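Take a look at the structure set out below.
The values are calculated or read from the model by the stated rules, or taken from the named source; none is laboratory data. Because the structure is a prediction, the values reported are computed rather than measured. Reconstructed Cβ throughout: ideal geometry from the backbone, glycine too, with neighbour counts over all protein chains shown. Ligands, DNA and RNA are stripped out before the accessible areas are found, and what is left, the full protein with its side chains, is counted by its heavy atoms. Shrake-Rupley method; radii C 1.70, N 1.55, O 1.52, S 1.80 Å.
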Amino acid sequence: MGKFMRQLQYQVFLIPILIIYTLFTIYPLIRSFMLSLTNFNGYSTNYDFIGLKNYVRLFADNAIVSGISFTILFAVATTVLVTLLAIPLALVLDQNFFSKNVLRAVFFFPSIPSGLLLAFIWGFIFAPIPSGILNTFLRELFGMSAQPWLSDPVLAKISTIVVAVWATTGWHAVIYLAFLQSISKDFFEAAAIDGANKWQQIRYITIPLLAPAMTVSVLLLITNGLKVYEIPFALTNGGPGFETHTITQVIVLRGISEAQFGLASAISVIFFLIVLVIGFVQFNLMQKREERMQ
């Protein structure tokens, strides 16, 4: 009884945050699911229960299907590319050289401004006209003709992913850099005495000990990639057609612009389940990998 009362007095402090979490997370989730079963338009209080019709409509809507496919492509591509670039960058920035602090600031800087602002700036660089910055550079250097960076379906997807990778690589390199600096130098000195070269030290010491950082970084990249909105919106506005539409853009489009809150709620529920499943599977796989490598 005494132990129970001691635990209870600490758990009382959790009640305020539990109330806030319920009000701003659990209740909206339940409410969204309830609205997804209706034809609610967001304005009228008179709406009817229509069962699963909104969920059936999801897979007949080209914008939604395109939004789901591009969002998954964006999340996977940015996760893989940022991870492949951030780890070598962190290894370089961990070395002792004269301008290392300046370079750390330079690579970290793109993560500070809003993604919306960065995408607008990159819009001028990718301008699909002969006087566009990138087209001018490629014409002067290689004699290439103007490329439709933001109006061609494939190039628009590549351009969007490139901007996101450029904006986030430095931030994730800092995560790896923080973990690198916590690795004892004794491991590397012992390995060097045993004759291990630099590549073997990276492969057998650095990479396994970076497993916890990789778990955190990949989880953040996957979740941020799945809920991305501002970069594709500002860079291509979802075009050409629906090629770079994301799920979040479709939710706003169907819900607010077209007053189909029931359908938008159904998309939100499916989106929540996709993020939940991918996040759960990814986190468990990375944790098992982390335990195996250590």
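For this structure, a couple of remarks:
- Note on region 35-57: among residues that are in a helix (DSSP H, G or I) and open to solvent by less than 100 Å² (accessible area, probe 1.4 Å), the one that is nearest to Phe261 (Cα to Cα) is Leu35.
- Single residue of Val228, Val218 found to be in contact (Cβ under 8 Å) with a residue 60 or more places away in the chain, in a loop (DSSP other than H, G, I, E, B) and among the aliphatic types (A, V, I, L, M): Val228
- Every pair of residues 6+ apart whose Cβ atoms lie under 8 Å, when the first sits in region 167-178 and is under 19 Å from Pro113 (Cβ atoms) while the second is open to solvent by 20 Å² or more (accessible area, probe 1.4 Å) and basic (Lys, Arg): Val174/Arg104
- Considering each residue of region 245-254 in turn, none proves to be within 22 Å of Asn96 (Cβ to Cβ), assigned to a helix (DSSP H, G or I) and basic (Lys, Arg).
- Verdict on Ala156 being without any contact (Cβ under 8 Å) to a residue 12 or more places away in the chain and of a type in the set (A, V, I, L, M, F, W, C): no
- Scan of region 259-294 for residues that are out of contact with any helix residue (DSSP H, G or I) (no Cβ under 8 Å at 6 or more places or on another chain) and surrounded by 13 or more Cβ atoms within 10 Å (Cβ to Cβ), ordered by number: Ala259
- Here is the figure for region 78-137: residues that are free of Cβ contacts under 8 Å to residues at least 12 places away in the same chain, outside any helix (DSSP H, G or I) and open to solvent by 60 Å² or more (accessible area, probe 1.4 Å) total 6.
- Residue list for region 58-72, restricted to those being open to solvent by less than 80 Å² (accessible area, probe 1.4 Å) and of a type outside the set (Gly, Ala, Ser): Leu58, Asp61, Ile64, Val65, Ile68, Phe70, Thr71, Ile72
- Under the condition of being among the hydroxyl-bearing types (Ser, Thr, Tyr) and either at positive phi or surrounded by fewer than 15 Cβ atoms within 10 Å (Cβ to Cβ) (or both), the residues counted in region 182-222 number 3.
- Considered as a group, the residues in region 147-176 that are among the hydrophobic types (A, V, I, L, M, F, W, C) and open to solvent by 50 Å² or more (accessible area, probe 1.4 Å) include one that is farthest from Thr71 (Cα to Cα), and that residue is Val174.
- Filter result (over 17 Å from Ala77 (Cα atoms), out of contact with any Leu (no Cβ under 9 Å at 6 or more places or on another chain) and buried (at least 19 other Cβ atoms within 10 Å of the Cβ)) within region 226-247: Phe242
- Here Ala259 passes the criteria (1) part of a helix (DSSP H, G or I); (2) farther than 25 Å from Val154 by Cα except the one numbered (1).
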